Amino acid sequence: MDTKKLHALISLLDDPDAEIFSSVEGELLKEQVEIVPELEKAWETSADGVFQKRVENIIHSLQFENLKSELKMWKQSGAKDLLYASYLVAKYNYPELEFSDIRQKIDEIKKEIWLEMRGNLTSLENIRIVNYVLFDKYGFSRNSKEPLSPKNNFINDVLSTRKGNPVSLSVVYSIVCQSLSMPVYGVNLPKNFILVYLDDELGDDGCPAADCSALFYINPINNGAIIGKREIEVFLKQQKMSFLDYYFTPCSTIDTVTRILNNLRYSYDSVGQNEKKREVMELEKVLGD
């Protein structure tokens, strides 16, 4: 859009005539997220509360539609990068968040673990090092004080506060492991989320090979405790659930991101933020379509 036309439309956002405002708003919402800086400048130079609120709503709408487009593109491109998808989820609450900031924090953890590794270590020995760095040095743990806080689902918050829920802690754990060539992937258990260490990497399609099996399982919510298939079976019995293969094998990256969004939706629902809940449902729909 021409800059002069854009400024003219923005200047009309405080018009008291509802029909004029609706028309102006409609024109602005047809534009891309690139006009947000101009809207932000207008917000900063105005003291009119009505004008500022209208600008805020338009900015949010543009950023939200852009986020849906980015999430759709991620899915269509193969849905393989869990870190990037986690970053997109966090952008819902932090639209100015930079991916490079998230990547840098993950790389710092990766380096710490790499420096602790020596020689030809076994898979279990490698995981013990991961546990030492994540849980002893960095102090990652479950957010027991605020288990339903939406922040538990935003990777930037989890990396900063080192507090999260079973899914977000598993996401950080698996991303770090995979960056160090350890085949650690999510297992989408009901009422929990754990990890599996495979005896081989996943294939290009994101699925394990036919002869690929689990060496052991990891429970990040319990400081990376190593567990076996038997412990999962006991858990499923307690939950009165069938022993489906799905509960013992890696889930897809889309399943993991959907689980994050599901938790986020529940968080907003628990505090009565119905509009945010509705928008998160829209993001879930993008992955489900």
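Would you point out which residue out of K75, K68, K91 is farther than 21 Å from Y138 by Cβ, free of Cβ contacts under 8 Å to residues at least 40 places away in the same chain, touching an Asp or Glu at 6+ places or on another chain (Cβ under 9 Å) and not hydroxyl-bearing (S, T, Y)? Please lay out each step first, then the result.
Working: K75 fails: free of Cβ contacts under 8 Å to residues at least 40 places away in the same chain; K68 fails: free of Cβ contacts under 8 Å to residues at least 40 places away in the same chain.
Exactly one residue qualifies, and that residue is K91.
Could you list, in sequence order, the residues of the range 114-150 that are under 25 Å from the mean Cα position of the chain (by Cα), in a helix (DSSP H, G or I) and among the hydroxyl-bearing types (S, T, Y)?
Residue satisfying the conditions is Y132 alone.
In this structure, does K41 turn out to be under 22 Å from the mean Cα position of the chain (by Cα) and outside the structural domain of Y173 (by TED's automatic domain parsing)? Give the derivation first.
On the way: under 22 Å from the mean Cα position of the chain (by Cα): no; outside the structural domain of Y173 (by TED's automatic domain parsing): yes.
The answer is no for K41.
Provide a single number: the residues in the range 239-277 that are out of contact with any strand residue (DSSP E or B) (no Cβ under 8 Å at 6 or more places or on another chain), assigned to a loop (DSSP other than H, G, I, E, B) and either farther than 30 Å from S213 by Cβ or of a type in the set (F, W, Y) (or both).
Matching residues across the range 239-277 total 4.
Read through the list (1) surrounded by 14 or more Cβ atoms within 10 Å (Cβ to Cβ); (2) not assigned by TED's automatic domain parsing to the domain that holds Y173, then give the number of the only condition that L215 fails.
(2)
Return a yes/no flag: does the range 259-275 have any residue that is buried (at least 17 other Cβ atoms within 10 Å of the Cβ), at pLDDT 95 or above and of a type in the set (S, T, N, Q).
Within the range 259-275, the subset buried (at least 17 other Cβ atoms within 10 Å of the Cβ) is 259-261, 263-265, 267-268.
Then keep just the ones that are at pLDDT 95 or above; that gives 259-261, 263-265, 267-268.
Going one step further and asking which of them are of a type in the set (S, T, N, Q), we end up with 263, 267.
Within the range 259-275, one or more residues are buried (at least 17 other Cβ atoms within 10 Å of the Cβ), at pLDDT 95 or above and of a type in the set (S, T, N, Q).
So which residues in the range 83-110 are under 23 Å from C251 (Cβ atoms) and either among the aromatic types (F, W, Y) or not in a helix (DSSP H, G or I) (or both)?
Within the range 83-110, Y84, Y87, Y92 meet the criteria.
Any residue in the range 41-59 that's more than 15 Å from F21 (Cβ to Cβ): show its pairings with residues that are part of a helix (DSSP H, G or I) and among the β-branched types (V, I, T) at Cβ separation under 6 Å, as long as the two are six or more apart or on different chains.
From residues that are more than 15 Å from F21 (Cβ to Cβ), the pairs are W43/V55; I59/V36.
Search the range 180-223 for residues being hydroxyl-bearing (S, T, Y) and in contact with an Asp or Glu (Cβ under 9 Å, 6 or more places away or on another chain), and hand back the single one that is modelled with the highest pLDDT. Even if it seems obvious, please write down each step before you answer.
Our first condition is that a residue be hydroxyl-bearing (S, T, Y); within the range 180-223, this holds for 181, 185, 197, 213, 217.
If we keep only those that are in contact with an Asp or Glu (Cβ under 9 Å, 6 or more places away or on another chain) as well, we get 181, 213, 217.
Values: S181: 94, S213: 87, Y217: 98.
The selected residue is Y217.
In the range 3-23, which residue that is assigned to a helix (DSSP H, G or I) and under 36 Å from the mean Cα position of the chain (by Cα) is surrounded by the most Cβ atoms within 10 Å (Cβ to Cβ)?
For the range 3-23, the residue satisfying everything is I10.
Checking the structure you have, find out if any residue of the range 66-82 is out of contact with any Ser or Thr (no Cβ under 6 Å at 6 or more places or on another chain), assigned to a helix (DSSP H, G or I), within 20 Å of L29 (Cβ to Cβ) and of a type in the set (S, T, N, Q).
There is at least one residue in the range 66-82 that is out of contact with any Ser or Thr (no Cβ under 6 Å at 6 or more places or on another chain), assigned to a helix (DSSP H, G or I), within 20 Å of L29 (Cβ to Cβ) and of a type in the set (S, T, N, Q).
Kindly indicate which of I232, I226 is surrounded by 19 or more Cβ atoms within 10 Å (Cβ to Cβ), farther than 27 Å from Y84 by Cα, at pLDDT 95 or above and not assigned by TED's automatic domain parsing to the domain that holds E65.
Values: I226 fails: surrounded by 19 or more Cβ atoms within 10 Å (Cβ to Cβ).
Answer to the check: I232.
The values are calculated or read from the model by the stated rules, or taken from the named source; none is laboratory data. Computed from a prediction, not measured in an experiment: that's the story for all the values here. Cβ sites come from the backbone with ideal geometry, for glycine too, and all protein chains shown count toward neighbours.
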